[in-house]
Amino acid sequence: MRITAFLLSMFCTLNSFGQESDAIGSTFPEMVTEDLFDNTITLPEDIKGKYSIIGLAYNKKSADKMPNWVVPIYQKFITEPPGLQIGYDVNTYFVYMFSGMTVALKDVVKSKMNNEMDEVLKPHTLFETGELKSYQKVLDMLEKKDTPYFFILDPEGKILWATRGTPRESKINKLASYIDEGK
């Protein structure tokens, strides 16, 4: 009986991680952001025309986990492998969201990142100070607070796929598969 209960709980746990996001198929909501150079970028309007990968972190724990995604996404989508001409022409942004009392910390975090971040990553880093609750609902980000969420958008801003949590090779490959299908 214990084994059956254990297997059932494992199946339910694994199954819940495999569920698709309710945001898939909808248009990414308008999000006004700013980059490290104080330029305003409105997602998805300003990035239409190319596939886009958008990562969102909306609290300290999820922001602390965002760098785990940076290396595999950088290696797969931002840098072109030496000697190969197979790179992706994709918009890639890591968005740090601030709301409520944390809005006051945005400029401190932004300044620290600007001073410490590798130059090649600076154009891919954005900051948002909007209505977090509306984004959480529309983008189906209510379930897991302490993890970054990632979205692949088609060239018109439609969400093709969404994921969250720990970056795995299978997730990075799934992001790439949507871009490859559209080529």
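Numbers for the structure displayed
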{"quantity": "Long pairs among Lys50/Lys112; Lys112/Lys171; Lys48/Lys171, criterion Cα-Cα beyond 26 Å", "calculated": "Lys50/Lys112; Lys112/Lys171"}
{"quantity": "Charge dipole (debye, nearest 20) of the stretch 21-182; +1 at Cβ of Lys and Arg, -1 at Cβ of Asp and Glu", "calculated": "620 debye"}
{"quantity": "Listed residue pairs exceeding 25 Å between alpha carbons, taken from Lys133/Lys158; Lys110/Lys174; Lys76/Lys133; Lys110/Lys145", "calculated": "Lys110/Lys174; Lys76/Lys133"}
{"quantity": "Which of Ile53, Ile24 has the fewest Cβ neighbours within 10 Å, and the rest in rising order", "calculated": "Ile24, Ile53"}
{"quantity": "Extreme residue, positive dipole direction of the stretch 36-183, given options Phe151, Asn91, Gln136 (C-beta unit charges)", "calculated": "Gln136"}
{"quantity": "Estimated distance in nm for a label pair at Val71 and Arg168, the labels positioned 7 Å out from Cα along Cα-to-Cβ", "calculated": "1.8 nm"}
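All of the numbers you see were taken from the coordinates with simple rules; none came from a lab. The shown structure was predicted, so the numbers you read here are calculated from the model rather than taken from an experiment. Backbone-built Cβ (ideal geometry, glycine too); neighbour counts: all protein chains shown.
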